[in-house]
Structures are given as C-alpha cells and as structure tokens.
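Quick notes on the structure that follows.
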Amino acid sequence: MGALRLYNRLFRVVYKHRICLESGYMPRCQHAFQYSTINGSSAVRLAYDSIDATPDGKELPPLVILHGLFGSKTNWRTLAKLFHRDTGRKIVTVDARNHGESDHSPEMNYFCQALDVWQLFQELELNKAVLMGHSMGGKTAMTFALSHPEYVDSLVVVDMSPAKLTLDKDIPRYLATKRAMNLSLVRDRRDAEKMLMDVVPNAFLRSFFLTNLVKSEAGFKWRINLEALENNISEVSGFPTDFPHQQFDGKALFVGGAKSDYIQVEEFPAIHKLFPRADIKFIPDSGHWLHAEKPKEFLQTVIEFLNECLQYHDHNKQQLDDDN
C-alpha cells in the first residue's frame, strides 16, 4: 500500500505540471512517460461523455457509469439523462479500453481497467464519486473500490458478482464469428445482420453487437478490439483476488435481473465478504440487460439507493456536529 500511495503522489505531480488536455479523452504526459503505469500495466485514454451538475446538484458526488462487455457509453445515454434529471448531479459515462472511442491495448484485465478509471478521476478532478458498472463494468467498479476506496462515495454493481468466474458459453463463439466476418462484403447493417443471424438468433443481441460496427472511408469496421478481447477472455471472465484493501466499507448496491443467473443466492456470502454493507436487490421479469429491459424500475431502484446514501451522510454529519 505504501508503493500505491507513492505512485498516487507521483502521478499528481506529473499530472499537474506536465500535461495538456484533449477534449473528452485522458490527458497525455509531455515528458517522462506518455501514460501512467503500475505493476507493468499502462493506462489508456478513455473517451467519456458528461452532463454537468445543476446548481442544486453541485455538492452531490458525481455518478460515473461503466458499461459491460461489447457495450459503450452510448448505451447509457438515455439513462444518464434521466439520472441527471432526477438527481441534478454530474453524470459521466465512460468507454472502457478496447471499446467505443477509447484507445486500444493488447492488455485487458481488471487492474488495467481500474487504472484507466483512476486516471479519469484525476483528469476530471473527482475527489469522490458514485461508481456504477454493469457486467464487465461492474467487475471494474468492484476492483476500483477495493483498490482506491477513498475515491468511491458508494458503489452500484449491475447484474454481476465477484464470484461470477465464467462467461456466457456463447461469448467466445460470438467473438470468433465477428472476427471471421468479411466486412468488405458489407454494404449496410442489414448485410452484417444477415451474417450474424445463424450464430446470434436473438434480435436484441444482434442489434446490440452491431452498435460496434462503424463505417469509415474504407468501409465498415469493428470499433471494439476483437483480438484483445479474444486473447484475454480468461481475464475478462475471471475476477482478481489480491487487492490493496480486503473490503470496501462504503455503501453498495448489487442489483440483478430476476431472470439472470449472474447473481446467485449462494454467491451472497462472497459479495458480503468484500462489500459488508451491500444491499442485494432483483428487478422482476428482467435478465442480464435489466437497465434496457426495465429502465423505469432500474432507475427507481438506483435513485432510492442514492437517496439512502445522502440520508446516511447527512445523519453522520449531524452526529459529528452534535459531538462538536
């Protein structure tokens, strides 16, 4: 932990004196090293969208949202606006490495992704934030909270558990199919959808996957780093075990889809071992993409949790004032 504190201090000095900013991306260092590194891993530039806090929400901790595997910040655009409408706080949606508009890297593990998020906090000068992540983003959020708890006001993990150590059996097949597609034959998205139909019969999934297919001057291309995801599939499916902190003592919400198997009752002890103050809730009639399937219910569940966190903080502040 001493090494981590030294690293944090060093990066702040470099960040303050040696960088220039690029709109919507991580800062680049101008001298000694381009990006911060720790344990041999380098952070990459993260693309993000943000909605500034309203006057009434400026004192509230921002909400930072991390998407899941194959996703992007645009998947959360509508909900981000609704969270902003209902809370007034600053909302930040982020593209993970190898996804969306963020930079690519051959490395893809949860400590790397947590490092990316840590640097984003430095750029945005976030002292504390509510960190919410879905699926893969949930594992990144958990890793960050167990590595840098001082930056996390509270944690929301969407349909993921620290004990979930396997991916959907179809994920490797999806990756292989995407890599094998001859994109030179794709004239429009309908062509691409036809190529996916046999392997991805679910229309919702096909539409979701095709959000990663973008058109350039040379034709269509995947904006996700399929090679890195395929090479690191065991890292993405797993979860680290050796963290700087044994527990995150802040308030946490684990919210799952009642029809999903990503949070099992037998995994509750593993959740509470790392997150002793976690509440675990399920949204009826929803699966793994509960925020897309039941957005109203999901929004209400998270807003209630955020309000509970505010009440808890107000209660603690009042106790401190009374003691003084």
The one condition V186 fails out of (1) under 19 Å from the mean Cα position of the chain (by Cα); (2) among the β-branched types (V, I, T); (3) within 20 Å of R223 (Cβ to Cβ) is (1)
Within the set of pairs 6 or more residues apart or between chains, which connect a residue that is within 26 Å of L196 (Cα to Cα) inside segment 153-174 to a residue that is open to solvent by 30 Å² or more (accessible area, probe 1.4 Å) and in a helix (DSSP H, G or I) with Cβ atoms less than 9 Å apart? L167/I233; I171/I233; P172/E230; P172/I233
Applying the selection to segment 151-191, what residues are under 30 Å from Q247 (Cβ atoms) and of a type in the set (G, A, S)? S154, S161, A163
Where a residue in segment 229-242 is free of Cβ contacts under 8 Å to residues at least 40 places away in the same chain and over 9 Å from M108 (Cβ atoms) and its partner, wherever it lies, is open to solvent by 50 Å² or more (accessible area, probe 1.4 Å) and not small (G, A, S), with Cβ under 8 Å and at least six apart: none
Residues of segment 246-283 satisfying the condition of being open to solvent by 40 Å² or more (accessible area, probe 1.4 Å) and within 18 Å of A129 (Cβ to Cβ): D249, R277
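This table checks each residue for (1) outside any strand (DSSP E or B); (2) open to solvent by less than 30 Å² (accessible area, probe 1.4 Å); (3) modelled with pLDDT of 95 or more.
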site: Q34; (1), (2), (3): yes, no, no
site: L46; (1), (2), (3): yes, yes, yes
site: G71; (1), (2), (3): yes, yes, yes
site: H84; (1), (2), (3): yes, no, yes
site: S105; (1), (2), (3): yes, yes, yes
site: C112; (1), (2), (3): yes, yes, yes
site: L115; (1), (2), (3): yes, yes, yes
site: M132; (1), (2), (3): no, yes, yes
site: G137; (1), (2), (3): yes, yes, yes
Given the conditions (1) hydrophobic (A, V, I, L, M, F, W, C); (2) assigned to a loop (DSSP other than H, G, I, E, B); (3) surrounded by fewer than 24 Cβ atoms within 10 Å (Cβ to Cβ); (4) in contact with a strand residue (DSSP E or B) (Cβ under 6 Å, 6 or more places away or on another chain), which single one is not true for A80? (2)
Strands (runs of 3 or more DSSP E) contained in segment 141-234 and holding at least 1 residues open to solvent by 30 Å² or more (accessible area, probe 1.4 Å): 213-216, 219-222
Just wondering, is there one or more residues in segment 56-65 that are in contact (Cβ under 8 Å) with a residue 24 or more places away in the chain and either in a helix (DSSP H, G or I) or touching a His at 6+ places or on another chain (Cβ under 7 Å) (or both)? yes
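The values are calculated or read from the model by the stated rules, or taken from the named source; none is laboratory data. It should be emphasised that the depicted structure is a prediction, and the values quoted were computed from it without experimental measurement. Every residue, glycine as well, gets a Cβ built from its backbone with ideal geometry; the counts of neighbours run over all protein chains shown. Calculation scope for accessible area: heavy atoms of the full protein, side chains included, ligands and nucleic acids excluded. Shrake-Rupley method; radii C 1.70, N 1.55, O 1.52, S 1.80 Å.
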